[in-house]
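The values are calculated or read from the model by the stated rules, or taken from the named source; none is laboratory data. Here the structure is a predicted model, which is why all the values come from computation and not from measurement. In this analysis, Cβ positions are derived from the backbone assuming ideal geometry, glycine residues included, and neighbour counts consider all displayed protein chains.
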Amino acid sequence: MTAKKVNTVLGPVAPEDLGVTLMHEHVLYGYPGWEGDQSVAPFDRRTIVSNAAAVLKDLKENYGLKTYVDATPNDGGRNVDVLKEVSEKSGVNIICASGYYFEGEGAPTYWKFRSSMGDIREELYELFMKEATVGILGSGVRAGIIKVGSSMNQITDYEKLMFTTAARVQKEIGIPIITHTQHGTMGPEQAELLIASGANAKQIQIGHMSDNLDMEYQEKTFKHGVYVAWDRMGLQGLVGCPMDENRYPVMIDLIQKGYASRLMISHDFIINWLGRPLNLPEQAYPLVANWHPAHLFKNIIPALKKGGVSDAQIKTILEDNPRRFFAGE
């Protein structure tokens, strides 16, 4: 048994107590700017908590979920008080993030302004370190992961600051790093940058790898020794996502090639959108019909089993890998 602990919003737990884990989801999310629309679309904490607690309680009672990693970064509407209440009401561990989204859809203006007056690396280091070791906004809730992201086909200078700072903090305190890749690009490059900056490959999860079905891209990323997250399952035909029916054969092939011990599966599902609700065109509804956090249990696992994946391999992906990731194994 390891002595290492994992920060959840209700306090530290041992990695071996994480159980079945969804490694990249969102209790709530809002693109930068949603705050200015609250005269029309106010923040409704009671509804947000009720919605999320019901979803997580269902996952716990019907599918055995124990831990939910909320990948919402500092600029995405993160709210640790809400996360605490949802965890208390659902009985599911929630792990929250420190960090920033990729430049094109995050909120880089503040840090770009500060960087125009001097080097901001120490300021970012101070922020990530404080949120992981002391707490977020005086709440006492400590971040259990650092979230960073890159743009399509590039890691911008702004994004590199986030990656290198995350690696520096991880090297000092062992906090895991998870990433956003844009439209199935830069997975290997993210791994290379983080490792070159001092991060431990065993505590790096490269995200949204389900957006690129090229086997060479997949294996090139895996070969860095990092964890690879197929974490947009159920989101199909939109924002660069392939159809699940095309994803399954590639995922099964990766598992049969021996990559199960470095594979994570999740959905990147957003239970509550901050600001106004999404208005999807009618033709998009079939594409998101399975975009929900029960999709793994209802549809993905049966599809994997049909393709020859064993119960032991599924347990490795859902339980053993998250435990090892947070333990740094």
(request) Consider Val169 carefully, then state whether it is more than 15 Å from the chain's Cα centre (by Cα), within 20 Å of Asn7 (Cα to Cα) and outside any helix (DSSP H, G or I). (result) no
(request) Keeping to the stretch 191-220, report how many residues are in contact with a Ser or Thr (Cβ under 9 Å, 6 or more places away or on another chain), closer than 24 Å to Leu296 by Cα and surrounded by fewer than 24 Cβ atoms within 10 Å (Cβ to Cβ). (result) 3
(message) Looking at the stretch 97-123, I want the residues that are at pLDDT below 95 and have a partner that is surrounded by 13 or more Cβ atoms within 10 Å (Cβ to Cβ) and acidic (Asp, Glu) with Cβ atoms under 8 Å, at least 6 apart or on another chain. Which pairs are those?
(response) Ala107/Asp75
(request) Considering only the stretch 47-57, state which residues are touching a Pro at 6+ places or on another chain (Cβ under 9 Å) and either surrounded by fewer than 24 Cβ atoms within 10 Å (Cβ to Cβ) or more than 26 Å from Ile177 (Cα to Cα) (or both). (result) Val55
(message) Can you tell me which condition Ile204 does not meet? The list is (1) closer than 19 Å to Val250 by Cα; (2) in contact with a Leu (Cβ under 8 Å, 6 or more places away or on another chain), and all the others hold.
(response) (1)
(message) Of everything in the stretch 281-324, what is without any contact (Cβ under 8 Å) to a residue 60 or more places away in the chain, in a helix (DSSP H, G or I) and in contact with a Phe, Trp or Tyr (Cβ under 8 Å, 6 or more places away or on another chain)? Give them in sequence order.
(response) Ala303, Leu304
(message) What's the total number of residues in the stretch 77-86 that are more than 17 Å from the chain's Cα centre (by Cα) and surrounded by fewer than 24 Cβ atoms within 10 Å (Cβ to Cβ)?
(response) 4
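Can you find even one residue in the stretch 302-317 that is at pLDDT 95 or above, surrounded by 13 or more Cβ atoms within 10 Å (Cβ to Cβ) and acidic (Asp, Glu)? Steps first, please.
Here is the first cut: in the stretch 302-317, the ones at pLDDT 95 or above are 302-317.
Pick out the ones that are also surrounded by 13 or more Cβ atoms within 10 Å (Cβ to Cβ) and you get 303-305, 307, 309, 313-317.
Remaining after also requiring acidic (Asp, Glu): none.
Checked the stretch 302-317: no residue is at pLDDT 95 or above, surrounded by 13 or more Cβ atoms within 10 Å (Cβ to Cβ) and acidic (Asp, Glu).
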(message) Go through the stretch 12-46 and report how many residues are in a loop (DSSP other than H, G, I, E, B), acidic (Asp, Glu) and either in contact (Cβ under 8 Å) with a residue 24 or more places away in the chain or closer than 19 Å to Gly174 by Cα (or both).
(response) 0
